[in-house]
1. Within segment 134-148, track down each residue that is over 16 Å from residue 99 (Cα atoms) and small (Gly, Ala, Ser).
2. I'm trying to understand the selection: among the residues of segment 120-134, which are of a type in the set (Val, Ile, Thr) and over 19 Å from the mean Cα position of the chain (by Cα)?
3. In segment 37-86, what residues are within 8 Å of the chain's Cα centre (by Cα) and either outside any helix (DSSP H, G or I) or hydroxyl-bearing (Ser, Thr, Tyr) (or both)?
4. Look through 56, 91, 73, 63 and report the one residue that is basic (Lys, Arg) and within 11 Å of residue 114 (Cβ to Cβ).
5. Collect the residues in segment 28-69 that are among the β-branched types (Val, Ile, Thr) and either in contact (Cβ under 8 Å) with a residue 24 or more places away in the chain or surrounded by fewer than 16 Cβ atoms within 10 Å (Cβ to Cβ) (or both), keeping them in residue-number order.
6. Pick from 98, 113: which is at pLDDT below 90, among the acidic types (Asp, Glu) and touching a helix residue (DSSP H, G or I) at 6+ places or on another chain (Cβ under 8 Å)?
7. For segment 124-135, how many residues are part of a helix (DSSP H, G or I) and either buried (at least 17 other Cβ atoms within 10 Å of the Cβ) or touching a residue at least 60 places away in the same chain (Cβ under 8 Å) (or both)?
8. Kindly provide the set of residues from segment 98-117 that are in a strand (DSSP E or B), free of Cβ contacts under 8 Å to residues at least 40 places away in the same chain and open to solvent by less than 30 Å² (accessible area, probe 1.4 Å), ordered by number.
Amino acid sequence: MKKIIYLTIFVGAIFGANLRDGEFFKDTNSTCPIKFIDVFKYPDWIAAIEYKNGKKVLFSSAKQMFYYLYTSKPKEVVPIKKLYVTDYKTKELIEATDAFYIFGSRIVSYSGDDLIPFASYEDAKEFATQTSASRIFEFSKINKKLIDYLN
């Protein structure tokens with residue numbers, strides 16, 4: 001059992017290190033502004049906000065990104081270009097506005113109960129069935145009340 005745990009941590013560290021070298025993440029602070037951890041420690045959960053001025057803010061999970069959007073008071077107002085989350089199945093960044101989010105599954109992130117993003121509804125539905133999830137949300141249905149409940 002210990003070997004499996006060490007192998008999982010090792011593979012996650014290598015995968016996270018490879019992501020860090022990607023063009024999207026170049027010159028970007030990798031510390032989540034909510035949980036204060038290096039997001040590459042848990043690469044399966046990375047979420048990001050990309051602003052129109054080129055700045056990117058990385059988060060340890062989709063829930064933390066939504067929390068930031070609903071509660072932060074920025075020093076300057078810069079329009080958002082895109083929001084990204086990591087597809088739980090493919091481990092690739094996808095646009096958050098196109099994703100489907102699992103709520104209430106047995107799977108939790110570093111932050112505890114979280115929203116688990118998928119690029120396709122079919123993948124989300126299959127995962128929801130396998131993990132006894134409560135619901136599948138579209139981006140437009142996620143609100144501050146839901147994020148507060150998860151926290």
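The values are calculated or read from the model by the stated rules, or taken from the named source; none is laboratory data. Bear in mind that the values here come from a model prediction, so they are computed numbers and not experimental data. All Cβ positions, glycine included, derive from the backbone under ideal geometry; neighbour counts span all protein chains shown. Heads up: the accessible areas ignore ligands, DNA and RNA and are worked out on the full protein's heavy atoms, side chains in. Shrake-Rupley method; radii C 1.70, N 1.55, O 1.52, S 1.80 Å.
1. 134
2. Taking segment 120-134 and keeping what is of a type in the set (Val, Ile, Thr), we get 129, 131.
If the condition is that a residue be of a type in the set (Val, Ile, Thr) and over 19 Å from the mean Cα position of the chain (by Cα), then 129 is the only one that fits.
3. 46, 47, 48, 59, 60, 61, 84, 85, 86
4. On the way: 56 fails: within 11 Å of residue 114 (Cβ to Cβ); 91 fails: within 11 Å of residue 114 (Cβ to Cβ); 73 fails: within 11 Å of residue 114 (Cβ to Cβ).
Result: 63 is the single residue among 56, 91, 73, 63 that is basic (Lys, Arg) and within 11 Å of residue 114 (Cβ to Cβ).
5. Kept after step one, since they are among the β-branched types (Val, Ile, Thr), are these residues of segment 28-69: 28, 31, 34, 37, 39, 46, 49, 57.
Hits for segment 28-69 are 28, 31, 34, 37, 46, 49, 57.
6. Working: 98 fails: at pLDDT below 90.
Of the residues listed, the single one that is at pLDDT below 90, among the acidic types (Asp, Glu) and touching a helix residue (DSSP H, G or I) at 6+ places or on another chain (Cβ under 8 Å) is 113.
7. Residues of segment 124-135 part of a helix (DSSP H, G or I): 124-130.
Keeping just the survivors that are either buried (at least 17 other Cβ atoms within 10 Å of the Cβ) or touching a residue at least 60 places away in the same chain (Cβ under 8 Å) (or both) gives 124, 127-128.
Selection size over segment 124-135: 3.
8. First pass over segment 98-117, keeping only residues in a strand (DSSP E or B): 100-103, 109, 112, 116-117.
Now drop any that are not free of Cβ contacts under 8 Å to residues at least 40 places away in the same chain, which leaves 100, 102, 112.
102, 112, listed by residue number.
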